């Protein structure tokens, strides 16, 4: 009898285990959309638009240049686009998208760019922010710093030539620039005839890669803009800083 009871006690944990259901895995945390927070930071003046942006010579309406990356488990893309050209001013829209398991973001910063700025004057004279497909809201532009004394001219890094690099349905040539910072090496491929900063590929060490995904001549405005040259005065009902 004692042996039977002892055997039953030994088997009890096993029997109980068979009756227990497997615990369900905890649901993943919700993806946080940081778009509104970013936009509000610009509207509050905590973040400021730059007083200058990279822009190629003779910009034409419709030109767009989109780079992207899926490094560090984050999918990102930057689309820069010339959406309007009126006289000596161009409307440049920059859409920034981020997506990961923890957060996402999608917003547009737009710039009114003076194509012929006076010496000592900012290139970006007005800026806006908004979500794709929505109306732009005026934001502040950072003050242009005072001109500094001209430093002794440094030897210009001429990089090394590359050619035959196929990206976004085209074959590119240009210059490859290499920079070493401590243990990591950054490489920039700058394309001949490229738009904006003309960078078509960037690597940092072995873990980060960003490269040209698309470009073209038929880009449509990303934000809602009024017809004609009226886009230049969007936000006049608000305090504007030119």
*asked:* Can you say whether residue 223 is under 30 Å from residue 133 (Cβ atoms), in contact (Cβ under 8 Å) with a residue 24 or more places away in the chain and not in a strand (DSSP E or B), as far as the supplied structure shows?
replied: yes
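Step by step: first the residues of segment 181-198, then only those that are on the phi < 0 side of the Ramachandran plot and outside any strand (DSSP E or B), then the one that is surrounded by the fewest Cβ atoms within 10 Å (Cβ to Cβ). Which residue is that?
If we filter segment 181-198 for residues that are on the phi < 0 side of the Ramachandran plot, which is where we start, we get 181, 183-192, 194-195, 197.
After this cut, where a residue has to be outside any strand (DSSP E or B) as well, the list is 183, 192, 194-195, 197.
Values: 183: 6, 192: 12, 194: 17, 195: 19, 197: 16.
This residue is 183.
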*Using the structure shown, decide if residue 176 is more than 30 Å from residue 133 (Cα to Cα), surrounded by 12 or more Cβ atoms within 10 Å (Cβ to Cβ) and within 18 Å of the chain's Cα centre (by Cα).*
no
*asked:* Within segment 27-46, take every residue that is touching a residue at least 24 places away in the same chain (Cβ under 8 Å) and within 13 Å of residue 109 (Cα to Cα) and give me the one that is surrounded by the fewest Cβ atoms within 10 Å (Cβ to Cβ).
replied: 43
*asked:* Taking the conditions exactly as written (modelled with pLDDT of 95 or more and part of a helix (DSSP H, G or I)), does residue 53 satisfy them or not?
replied: no
*Please work out which one of (1) surrounded by 14 or more Cβ atoms within 10 Å (Cβ to Cβ); (2) over 19 Å from the mean Cα position of the chain (by Cα); (3) outside any strand (DSSP E or B) is the condition residue 132 fails and give its number.*
(2)
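Looking only at segment 47-58, count how many residues are surrounded by fewer than 17 Cβ atoms within 10 Å (Cβ to Cβ), under 21 Å from residue 221 (Cα atoms) and touching a residue at least 24 places away in the same chain (Cβ under 8 Å).
Step one: list which residues in segment 47-58 are surrounded by fewer than 17 Cβ atoms within 10 Å (Cβ to Cβ), which gives 47-48, 50, 52, 54, 56-58.
Retained after the next criterion (residues that are under 21 Å from residue 221 (Cα atoms)): 50, 52, 54, 56-58.
Going one step further and asking which of them are touching a residue at least 24 places away in the same chain (Cβ under 8 Å), we end up with 50, 52, 54, 56.
Counting residues in segment 47-58 that are surrounded by fewer than 17 Cβ atoms within 10 Å (Cβ to Cβ), under 21 Å from residue 221 (Cα atoms) and touching a residue at least 24 places away in the same chain (Cβ under 8 Å) gives 4.
Condition check ((1) at pLDDT 95 or above; (2) under 29 Å from residue 60 (Cα atoms)) across all residues:
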| residue | (1), (2) |
| --- | --- |
| 146 | no, no |
| 162 | yes, yes |
| 170 | yes, yes |
| 182 | no, no |
| 202 | yes, yes |
| 206 | no, no |
| 235 | no, yes |
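The values are calculated or read from the model by the stated rules, or taken from the named source; none is laboratory data. Keep in mind that what you see is a predicted model, and the values were worked out from it rather than measured. Glycine also receives a Cβ, built like all others from the backbone with ideal geometry; neighbour counts cover every protein chain displayed.
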